[in-house]
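Here the structure is laid out as structure tokens; the discussion comes afterwards.
Nothing in this text is a laboratory measurement; each read-out follows from the coordinates by a stated rule. What you see is a predicted model, and the numbers here were worked out from it, not measured in a lab. Here the Cβ is made from the backbone with ideal geometry for all residues, glycine too, and neighbour counts use every protein chain on show.
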Amino acid sequence: MSRPILQVSDLSMRFGGLLAVNGVSLTVQEKQVVSMIGPNGAGKTTVFNCLTGFYKPTAGKVVLGGEEIQGLPGHKIARKGVVRTFQNVRLFKEMTAVENLLVAQHRHLNTNFLAGLFKTPAFRRSEREGMEHAAYWLDKVNLTDVANRSAGTLAYGQQRRLEIARCMMTRPSILMLDEPAAGLNPRETEDLKALIAMLRDEHGVTVLLIEHDMKLVMSISDHIFVINQGTPLADGTPQQVRDNPDVIKAYLGEA
Amino acid sequence: MTRNLKTGLFSAVLLMLISYPILGLKLSVVGIRLQVEGASAETLWIIGGAALAILLWHLLLRDRLLGSGLAKAALPSLPEGFKHSMTLPHVQRWIMFGLLVIALVWPFFGTRAAVDIATLMLIYIMLGVGLNIVVGLAGLLDLGYVGFYAVGAYTYAMLAEYAGFGFWTALPIAGLTAATFGFLLGFPVLRLRGDYLAIVTLGFGEIIRIMLRNLTEYTGGPNGISVANENKPTLFGISFERRVPEGVQTLHDLLGTSYNSMYKVIFLYLIALLLVVLALFVINRLMRMPIGRAWEALREDEIACRALGLNPTTVKLSAFTIGASFAGFAGCFFAARQGLVTPESFTFIESAMILAIVVLGGMGSQLGIIFAAAVMVMLQEIRDFNEYRMLIFGLTMILMMIWRPQGLIPMQRPHLELKP
């Protein structure tokens, strides 16, 4: 049986008078796809921002593999293996696709100033490994052909895939995807589903997903959390969530 | 038609308003006083004629010529194939190599003045590529870059004055001191971007200059510090100066000829060339190292950087520090060449000039900066147009904005082979 990798308890985020997230608790099991759903403005992205260190949560605890990480700056949390994509794609637009992937490997490459200046064998090896890793993931997300095009000129679906590949370059343990299917056509959504399943099954990555595409969420999730107006509403397997009267009420209104 | 009339009248009035004070009014010295003289009738006729011409152009000719597509062709543009080939890495490498060869033989064929101007160009290239790290790569608008240049120059001048350091020992120290100042400036501005950052760095540059002017005790105030001959650059202990203290070997003694100042000019030029080639090499490597890619990533998207585990603080500070160190080297060389440093060499207009070189050349592009530095220094040095220098300067800027807003030679993305 898998063990919990991320435990969130009583997470709250207050912006002035607005309580955007109110006592959210989540337990994410290792190597699962866990989705977070809820109506617009429910606070899903705010939870993401709190977990990844972009906001400092007002209250609550975030435990990653036995270590409390709430309140740490974003780059430190990312280094602990929690990386995310953004609702509106955030690529390094002027840089090529493969450069985007190399930047993300910054911490795994040889950053010694003198080594780079004189192109020592160690530096060359490290750069070559970086390129190989990048080539591997470009192939996985089917972007090898456009490796040297600048990221801003790629098609929207390609940009989405590149962003996921870029996250994978950091060798994460938890990948958080903020509405990855937004703006994709049905075929691309199918590809995305296959990609997420592959990340979980072949690479052992835990995927935390915010998504509005219910078909995608229901078919791929191992566990679903429902949030409404900043408060947790329900959680369980897709089947349990689908049959939960509270969830139906929140989404469709009072019958 | 009404629109044409409006534009035409506006242009004509504007032309008269601008050209009357520039061309018409003259200052002349009468005894000890200045006197403003009105324009001669001839000038007034010319201005009036020009205003009429522009009015007629808008009324009668503009539409007709625009319709035939002539106006488009009026802007110079290169053939597409040539433009593309200019951007290929191996072509650029050959251009660099060619430039280096020209630069190496230049002092032995050029006149003294030509070598002097070339030396000045090299200083600006050095400053340009240094600022390019901060502005072009890391995307941090720095208007106070001249401050680091001043720090480098004063470090050398003061070390020579108070501790008797020579040029070659002072050079790395000057670079390090400037880098330290870059680091110190980096801290308070970490949270700032864009306009706010520009204002703070602008202030920093001015603070340095005013401090140097007011610390009269150490820096000599407005009079500056001069560098004694024995501390000037030497070639393995051989001095290129005319008069040196006892015990220092000079070149003309060694050769047994009379003193020739041309040797010194060429020697300084070659030092500058060496520094520039080293700077170009180092920065070229930096751009292909993880740190260089991190700078560019920071320019593109700071939030995404953070989400990928890059610490924006370190990345920014490294850009400021390394960028400043090149200004320090350039400053040290400047002091050696001038033999005298004063605060007035480091005014804001210098910062603006360096920034203009980076923007004109094409942000991030080294070849572009080399060309832009050459163009800008040449514009500055054309004595025949001395009075119209600023006018030409402005005109160049406007033409650039229309013709090539991305710079003379925009930066090219490196093509990376996936299977090395």
Completion exercise
Loop-resident GluC sites (Glu not before Pro) in region A:157-255 with no more than 12 other Cβ atoms inside 10 Å, DSSP not H/G/I/E/B, are A:GLU254
Problem - Cα-based radius of gyration of region B:2-74 once divided by 2.2 N^0.38 Å, which approximates compact folds - result: 1.52
Exercise for the section: May I ask you to list the lysines whose Cα is less than 23 Å away from that of A:LYS76, ignoring any residue fewer than eight positions away on the same chain? Expected result: A:LYS31, A:LYS44, A:LYS56, A:LYS61, B:LYS316
Exercise for the section: For the protein assembly as shown, just run the numbers: alpha carbon Rg, then divide by 2.2 N^0.38 Å, N being how many residues it has. Expected result: 1.20
Fill in the blank from the handout: The answer for the longest stretch of chain B without any exposed trypsin sites (Lys or Arg not before Pro) (DSSP loop, at most 11 further Cβ atoms within 10 Å) is B:1-190
Completion exercise
At R0 = 51 Å the Cβ-Cβ FRET efficiency linking B:PHE236 and A:GLU68, nearest 0.05, sits at 0.25
Practice task
Quick one: grab Rg to one decimal and Dmax as a whole number for region A:91-171, Cα atoms only, in Å.
Solution key: 12.9, 39
Fill in the blank from the handout: The answer for the net charge of residues other than B:LEU268 whose Cβ lies under 13 angstrom from its Cβ, with Lys and Arg +1 and Asp and Glu -1, is +2
Fill in the blank from the handout: A correct fewest-to-most ranking of A:HIS108, B:HIS58 by other Cβ atoms within 10 Å would be A:HIS108, B:HIS58
Practice task
Be a star and scan region B:301-330 for residues whose amide nitrogen sits under 13 Å from the point 7 Å along the Cα-to-Cβ vector of B:VAL200.
Solution key: B:313, B:316-317, B:320
Exercise for the section: Scan region B:368-420 for chymotrypsin sites (Phe, Trp or Tyr not before Pro) in coil per DSSP, keeping those whose Cβ has at most 15 other Cβ atoms within 10 Å, and list them by number. Expected result: B:PHE385
Practice task
Run the quick spin-label model on A:LYS76 and B:LEU9: label points 7 Å from Cα toward the beta carbon, then report their separation in nm to one decimal.
Solution key: 6.8 nm
Completion exercise
At R0 = 22 Å the Cβ-Cβ FRET efficiency linking B:ALA113 and B:TYR388, nearest 0.05, sits at 0.60
Handout entry: Under the Debye formula (equal points on every Cα, no solvent term), log10 I(q)/I(0) of region A:35-138 at q = 0.16, 0.23 Å⁻¹
Key = -0.89, -1.21
Problem - Cα→Cβ-extended label distance, 7 Å offset, between B:THR313 and B:ILE32, nm - result: 6.2 nm
Exercise for the section: Could you work out how far apart the two model spin labels at A:THR144 and B:LEU25 are, taking each label as a point 7 Å from the Cα in the direction of the beta carbon, and quote it in nm? Expected result: 7.1 nm
Completion exercise
Check: C-alpha center region B:339-407 vs C-alpha center region A:52-95, spacing in Å is 44 Å
Practice task
Would you be so kind as to identify all helices of chain B, as entire DSSP H runs, whose Cα atoms reach 27 Å or more along the helix's own axis and whose mean Kyte-Doolittle hydropathy is at least 1.6?
Solution key: B:261-287
Practice task
May I ask you to derive the relative contact order of region B:87-403, considering only C-alpha pairs under 8 Å and at least 6 residues apart, and to give it as an integer percent?
Solution key: 34 percent
Problem - Dipole magnitude of the protein assembly as shown, debye to nearest 20 (Cβ charges: Lys/Arg +1, Asp/Glu -1, about Cα centre) - result: 420 debye
Completion exercise
Note: B:ARG288 to B:ALA50 extended length (0.36 nm per residue) minus current alpha-carbon separation gives 80.4 nm
Exercise for the section: Would you mind ranking A:SER221, B:SER261 so that the residue whose beta carbon has the fewest other beta carbons within 10 Å leads the list? Expected result: B:SER261, A:SER221
Completion exercise
Assertion target for B:ILE354, B:ILE123, B:ILE46, ordered by fewest C-beta neighbours within 10 angstrom first, is B:ILE46, B:ILE123, B:ILE354
Completion exercise
By the Kirkwood definition, with r running over pairs of different Cα atoms, chain A has a hydrodynamic radius in Å of 19.2 Å
Problem - √(5λ) per eigenvalue of the Cα gyration tensor, region B:87-403, largest first, Å - result: 32, 24, 19
